[in-house]
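A.B. asks: What follows is a structure written as structure tokens; I'll ask about it next.
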Amino acid sequence: MQRKVLAMLILWASMAAGVSNAQDAPGPRRPLSSPITVSVFSESISLPTFKGFFEKPNVGVRIGTELYYRNRPGSQLFQTVNLGYYHHRALHHGLFVSSEFGYRKFIGPLYLDATIGGGYLHLIPTVPMYRSAGGEFTRVSPHLHKFMPTLGLGAGYRINQRTSVFSRYEVFGEMPVVQDVPVLPHKALHVGARLSLSR
């Protein structure tokens, strides 16, 4: 399973490297086109807090790119396209595809951004799952298909026109869960880098 996920992530990185953004207008401090964003993150099931990220963390990785609707020296309006994987110990493997709309504000080499979006979350439980029907238990499919709403806040530092590093706090949902619980909240803390590969 992990080898297949790694192969998919490498394929996605290769595809993202070939994306060209024609809307990236020239400017003295504007980043170059075709950025690849790579981050590692700690995931947990929780309401939004900053606790528990480093206590036996569940680790994941995300690779993506950005498309710019507005790209000015002091701000950006952008859309992300992401592919990621995480392993929540003793519960499930999660593979997701997501897209977010965001706004980024630059303050010298520093920047802040906020995003909102959604995606598809594919869960593979690590233990068998059963459903009760008529007093009997039947085994259900090991593949669960979920909608994944996302909300994130980030801060970063632009090293040069090609490279920046960042940290990002994200809340995402798992929908549906069960009949009486419409959404199960997750949180993730990312650390990563953004690299532009073409001029």
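The values are calculated or read from the model by the stated rules, or taken from the named source; none is laboratory data. For clarity, every value in this text was computed on a predicted model and none was experimentally measured. Note that we place each Cβ from the backbone using ideal geometry, even for glycine, and neighbour counts take in every protein chain shown.
A.B. asks: Taking residue 94 as the residue in question, decide whether it is more than 19 Å from residue 178 (Cβ to Cβ) and not aliphatic (A, V, I, L, M).
C.D. replies: Spelling it out, it is not the case that residue 94 is more than 19 Å from residue 178 (Cβ to Cβ) and not aliphatic (A, V, I, L, M).
A.B. asks: Here is a further query. Can you tell me which of 137, 147 is at pLDDT below 90, aromatic (Phe, Trp, Tyr), surrounded by fewer than 16 Cβ atoms within 10 Å (Cβ to Cβ) and in a strand (DSSP E or B)?
C.D. replies: Exactly one of 137, 147 is at pLDDT below 90, aromatic (Phe, Trp, Tyr), surrounded by fewer than 16 Cβ atoms within 10 Å (Cβ to Cβ) and in a strand (DSSP E or B), namely 137.
A.B. asks: Of the numbered conditions (1) in contact with a strand residue (DSSP E or B) (Cβ under 9 Å, 6 or more places away or on another chain); (2) farther than 23 Å from residue 161 by Cβ, residue 106 satisfies every one except a single condition; which is it?
C.D. replies: So the condition that residue 106 fails would be (2).
A.B. asks: Can residue 101 be described as under 23 Å from residue 183 (Cβ atoms) and aromatic (Phe, Trp, Tyr)?
C.D. replies: Yes.
A.B. asks: Please go through the range 34-53 and pick out each residue that is without any contact (Cβ under 8 Å) to a residue 40 or more places away in the chain and farther than 24 Å from residue 183 by Cα.
C.D. replies: Within the range 34-53, none qualify.
A.B. asks: Another one. For the range 75-94, indicate whether the set of residues that are within 13 Å of the chain's Cα centre (by Cα), more than 20 Å from residue 196 (Cβ to Cβ), surrounded by fewer than 19 Cβ atoms within 10 Å (Cβ to Cβ) and of a type outside the set (Asp, Glu) is non-empty.
C.D. replies: Scanning the range 75-94, I find no residue that is within 13 Å of the chain's Cα centre (by Cα), more than 20 Å from residue 196 (Cβ to Cβ), surrounded by fewer than 19 Cβ atoms within 10 Å (Cβ to Cβ) and of a type outside the set (Asp, Glu), so the answer is no.
A.B. asks: Among the candidates 176, 149, 125, which residue alone is within 13 Å of the chain's Cα centre (by Cα) and under 27 Å from residue 47 (Cβ atoms)?
C.D. replies: Of 176, 149, 125, the one residue that is within 13 Å of the chain's Cα centre (by Cα) and under 27 Å from residue 47 (Cβ atoms) is 149.
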